[in-house]
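The values are calculated or read from the model by the stated rules, or taken from the named source; none is laboratory data. In this text the structure is predicted, and so the values were computed from the model without any measurement. Counting neighbours? That spans all protein chains shown, and the Cβs are built from the backbone with ideal geometry, glycine included. The protein model used for the area step is the full one, side chains on, heavy atoms only, and it has no ligands, DNA or RNA in it. Shrake-Rupley method; radii C 1.70, N 1.55, O 1.52, S 1.80 Å.
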Amino acid sequence: MGDREKNVGFAAALNILFTVIELIGGFLTNSLALIADALHDFADSFALIIAWYAEREAKKPATSKMTFGYRRLSLLSATFTIIVLIAGSLFVLAKAIPRLISPEPVNADGMALIAVIGLAINGLGYLRLKKGMSQSEKVLSWHLLEDLLGWIALLTGSIIMRFWDKPVIDPIMTIGFTIFVLWGVSKNAKETLNLLLEGVPENIDIDAIKESILSVEGVKLVHDLHIWSLEGETDLLTAHVVVEDKYLQTPDKMRLSIKSKLEEYHIEHSTIELESEGFCSATECIFESKK
């Protein structure tokens, strides 16, 4: 079992366990914040299970039909998680807003106890996922971080209500960290959509890579440069590189020189097509001139 699969599986197990604890605690304390977050975590648990399954299937080798393998399943699981988080957050808001008008009393001591348990469990899951590089792990780790911040807010609110009887604090906290969740999810959704559309990953500067290729001795021009990622971790590149004719006599050496430059940018798979200046002019290829 790979590290990504273990990390997601560990986070899923913790989330499922705590969802049950949180739901029971929410009913016992009459806290909408706890009940809403329990339902939110229940949806998250389902998303984590899907993510765990996707990470396991993503390790399958390439086939004649799936020449890149199944790594992109990790990206699809990230998309599913984002949809679940948005739907869950909207549901929570729909339940919390009416309680602003008609607040109900809550058990502050019970809320504080559940919050401490939540901090411990979500903290363990976050520590396991925060080092992940795939988009799925990034989305999940961001959510667990949001949960940590939410539990800190919930603990703070329960302590305040312990000494100041203002149950309206409960729905206010619920709305506050739910809006924060939506803000964080929107950032991850933007990059996930970018990767699904095979855009350049946000951590890659395509102009810097082009300049790096142009710095190789013998390289004159670069055109038709494309960079994308399978799942936010495995980056790929294709490019047409125009070189001086004498360097075409040793094409493998030229490609290795270019690939060594690409390794500095963590490009794991690249396809380089070498062209002579005469060929490029004859085919009217479009490119930016070397400065």
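Results, tabulated for the structure shown:
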item	result
Pair list, Cβ < 6 Å and 6+ apart or interchain, from region 58-84 residues that are in contact (Cβ under 8 Å) with a residue 24 or more places away in the chain and open to solvent by less than 60 Å² (accessible area, probe 1.4 Å) to residues that are in a helix (DSSP H, G or I) and polar (S, T, N, Q)	ALA58/SER74; SER74/SER136; LEU75/GLN135; SER77/SER136; ALA78/GLN135; ALA78/SER136; ALA78/THR192; THR79/THR192
Matching residues, region 1-14, being at pLDDT 70 or above, open to solvent by 10 Å² or more (accessible area, probe 1.4 Å) and in contact with a Ser or Thr (Cβ under 8 Å, 6 or more places away or on another chain)	none
Region 90-124: number of residues that are assigned to a helix (DSSP H, G or I), of a type in the set (Gly, Ala, Ser) and either surrounded by fewer than 15 Cβ atoms within 10 Å (Cβ to Cβ) or on the phi > 0 side of the Ramachandran plot (or both)	2
Failed criterion for TYR265 (all others in (1) at pLDDT 90 or above; (2) in contact with a helix residue (DSSP H, G or I) (Cβ under 7 Å, 6 or more places away or on another chain); (3) not in a helix (DSSP H, G or I); (4) not basic (Lys, Arg) hold)	(1)
Failed item, numbered, when ALA87 is tested on (1) part of a helix (DSSP H, G or I); (2) open to solvent by less than 70 Å² (accessible area, probe 1.4 Å); (3) modelled with pLDDT under 80	(3)
Top-ranked residue in region 177-222 [being open to solvent by 70 Å² or more (accessible area, probe 1.4 Å) and among the aliphatic types (A, V, I, L, M); ranked as farthest from TYR265 (Cα to Cα)]	ILE179
Failed item, numbered, when GLU146 is tested on (1) modelled with pLDDT of 75 or more; (2) buried (at least 16 other Cβ atoms within 10 Å of the Cβ); (3) over 18 Å from ALA13 (Cβ atoms)	(1)
